[in-house]
Amino acid sequence: MKFLIAFVAAAAAGTIPIPGQVFGTPPPAGTVQINGITYGGNGCPQGTVSSKFSSDRTTVTLIYDSYIASIGPGISVTEQRKNCQLNVGITYPGGFQYSVLSADYRGYASLQKGVSGTLKSTYYFSGMTEQTTTQYDFIGPVSGDYLKHDEADSTSVVWSPCGVEGMLNINSQVRMTATNASATGLLTTDSTDLKFAQVVYVQWQTCKK
């Protein structure tokens, strides 16, 4: 099975209207690029992720082969939680900062009664202590596709360092728990369509002099 995760780092992303948020002027078009991505974790072991960059390197899509959490009789406890650490290098003009604002999650959840699933992501910048965490919970019984739009609380938004390069780190996990030992659950989607899509939006501000 495969998962899809897409990142948007274009300056235009700073103009996406999110209720209650105030946006500054983004950097000029064409001056923001994703320059590389590294990954690791039991949900994305080396060699299980492929990537595709747009021609202007403002977006990249990562396709996962093994980012699946499951639970039930005969399933190892190690399959109940999977995580993936992503390190996204972004080049942007000096004099600007950007901040993680929201994320979209798409996928499929199949949980019997007594099973719960969690999607959780923590965002932070290298060299900075501030973090922001988002979480979605699924309570069985539930079965079907999902689309979750995640908005970071304005009081917990973290800003990148001022400069021309910044490393955005995203530590994500999918986790399953059960109160019924005979119940089963799977947090993924089918094998022929998108599995897990995450689009990260950013907002911009001018560095203080």
Tally time: how many residues in the stretch 76-114 are on the phi > 0 side of the Ramachandran plot and either touching a Gly at 6+ places or on another chain (Cβ under 8 Å) or outside any strand (DSSP E or B) (or both)? 1
List, please: which pairs have Cβ atoms under 7 Å, are six or more places apart or on different chains, and start with a residue in the stretch 73-93 that is farther than 20 Å from Ser121 by Cβ and end with one that is hydroxyl-bearing (Ser, Thr, Tyr) and outside any strand (DSSP E or B)? Pro73/Ser182; Tyr92/Thr31; Pro93/Thr31
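Of a type in the set (Val, Ile, Thr), surrounded by 16 or more Cβ atoms within 10 Å (Cβ to Cβ), without any contact (Cβ under 8 Å) to a residue 40 or more places away in the chain and closer than 18 Å to Gly43 by Cβ: does that describe Thr134?
Yes; evaluated as a whole, the condition is true for this residue.
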Apart from one, (1) at pLDDT below 85; (2) under 29 Å from Trp204 (Cβ atoms); (3) loosely packed, with under 15 Cβ neighbours inside 10 Å; (4) not acidic (Asp, Glu) all hold for Asn35; the odd one out is (1)
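When the stretch 115-137 is examined, which residues are found to be in a strand (DSSP E or B), more than 16 Å from Ser70 (Cα to Cα) and among the β-branched types (Val, Ile, Thr)? Quick ask: steps written out before the conclusion?
Looking only at the stretch 115-137, we keep the residues that are in a strand (DSSP E or B), and these are 115-125, 131-137.
Applying the additional criterion that residues be more than 16 Å from Ser70 (Cα to Cα) yields 121-125, 131-136.
Correct list: Thr122, Thr132, Thr133, Thr134.
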Go over the candidates Leu194, Leu168 one by one and state the one that is surrounded by 12 or more Cβ atoms within 10 Å (Cβ to Cβ) and either in contact with an Asp or Glu (Cβ under 6 Å, 6 or more places away or on another chain) or at pLDDT 80 or above (or both). Leu168
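The values are calculated or read from the model by the stated rules, or taken from the named source; none is laboratory data. Source: prediction; values computed, not measured. Note that each Cβ is placed from the backbone with ideal geometry, even for glycine, and that neighbours are counted across all protein chains shown.
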